[in-house]
Amino acid sequence: MREVVLFTEDSGHEVFVRALVNRMAQEYNVHAVLHPRSVRGGYGKVTTELKQYLRDLKNGREQTPDLLVVATDANCKGYLKRRQEVDKVVIAFGDIVPLDHVAHAIPDPHVERWPLLDSAAFKAVLGRGCEAPGYKCERNRYKQLLAEAVRNAGVAPILGGIEHMEDIVNAMDLQHAQTADDSLGKLLGELHPVFRSWASSST
């Protein structure tokens, strides 16, 4: 059994990343137990809570996970800058969680763009496809585009479309997704080797 902690910025990140990890666990036939820790209040709050979590690990108040997934939007800073910031926090606590046990879910610029990348998956879930939006760093742009795409499919976006993320992830062509968006591709590029290693070690 593998323990995976999902440290996510908000409910959108949690739903998407949890669905992705669960799907990969199923595809690799790995028993993974997920422990989501959603944080509200933006990146600053994420940093504060992540530091506290790592401090608890160091003091033995938490069990070290097999994988720590940190999910936070790039927010126009860019993937690399945000990843460096996350890694700096982790490294400050030594080898409590080695960096090769950390996966970076850093949508660039926002997580609501990810479910719009695969029109076929969107159509399979909602009955009508969507346009993959181009990159533009603008606050709330992708939240609006996701809600609009759901509405255009004839469905009321009760939670802005987040309520359909899990089904969309399960319908996505992950091979296509890996090339459709650089930030999602990087996350998949980190997760595949981890799950492949776990699968091989359990056989």
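Every number in this text was worked out from the coordinates using simple rules, so none of it is lab data. Since this is a predicted model, take the numbers as computed values, not measurements. Reconstructed Cβ throughout: ideal geometry from the backbone, glycine too, with neighbour counts over all protein chains shown.
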With bins of 5 Å, the percent of all Cα-Cα pairs of segment 20-119 per bin from 0 is 2, 11, 20, 23, 20, 15, 7, 1, 0, 0
Relative to the compact globular guide of 2.2 N^0.38 Å, what is the alpha carbon radius of gyration of the chain, as a ratio?
-> 1.01
Please identify, among 70, 150, 30, the residue showing maximal mean-square fluctuation in a Gaussian network model of the chain using a 10 angstrom Cα cutoff.
-> 30
Note: segment 89-203, point scatterers on Cα, Debye, no solvent; log10 I/I(0) at q = 0.22 Å⁻¹ equals -1.18
Which value results for Rg/Rh of segment 81-151 when Rg is the Cα radius of gyration and Rh the Kirkwood radius based on the inverse mean 1/r?
-> 1.15
Pick from 112, 131, 166: which is most flexible by mean-square fluctuation in a GNM of the chain where alpha carbon atoms under 10 Å apart are linked?
-> 131
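Going by average Cβ density within 10 Å per residue, which order do the peptides 55-61, 84-90 take, highest to lowest? If you can, show how the numbers build up before the last one.
Working: 55-61: 12.1, 84-90: 15.6.
Peptide ranking by packing, descending: 84-90, 55-61.
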Have a look at 80, 20, 67 and tell me which one the Gaussian network model of the chain (Cα, springs below 10 Å) gives the largest fluctuation.
-> 80
Work out from phi, with θ = phi - 60° and the Karplus expression 6.51 cos²θ - 1.76 cosθ + 1.60, the ³J(HN,Hα) of each residue of segment 39-56, listed in order in whole Hz, and give x for Gly and Pro.
-> 10, 10, x, x, 5, x, 5, 4, 4, 4, 5, 5, 4, 5, 4, 5, 5, 5
Considering amide H positions built from the backbone, and no H for Pro or chain starts, which residues 5 or more places from residue 181, or on another chain, come under 5 Å of its amide H?
-> none
Report, in whole Å, the centroid distance computed from the Cα atoms of segment 5-48 and segment 107-137.
-> 19 Å
Going residue by residue through segment 119-133, the Karplus relation 6.51 cos²θ - 1.76 cosθ + 1.60 with θ = phi - 60° gives ³J(HN,Hα) values, rounded to whole Hz and with x marking Gly or Pro, of 4, 5, 5, 4, 5, 4, 8, 10, x, 8, x, 9, 8, 6, x
Here segment 137-151 yields Karplus 3J(HN,Hα) values (6.51, -1.76, 1.60; θ = phi - 60°; whole Hz; Gly and Pro given as x) of 8, 8, 4, 6, 4, 7, 4, 5, 5, 5, 4, 5, 5, 5, 5
What lysines could a cross-link reach from residue 136, if we take a straight Cα to Cα line under 24 Å and drop same-chain neighbours fewer than 8 places away?
-> 77, 81, 123, 186
Report, in degrees rounded to the nearest 10, the 0 to 90 angle that the Cα long axis of helix 79-91 makes with the longest principal axis of the chain.
-> 20 degrees
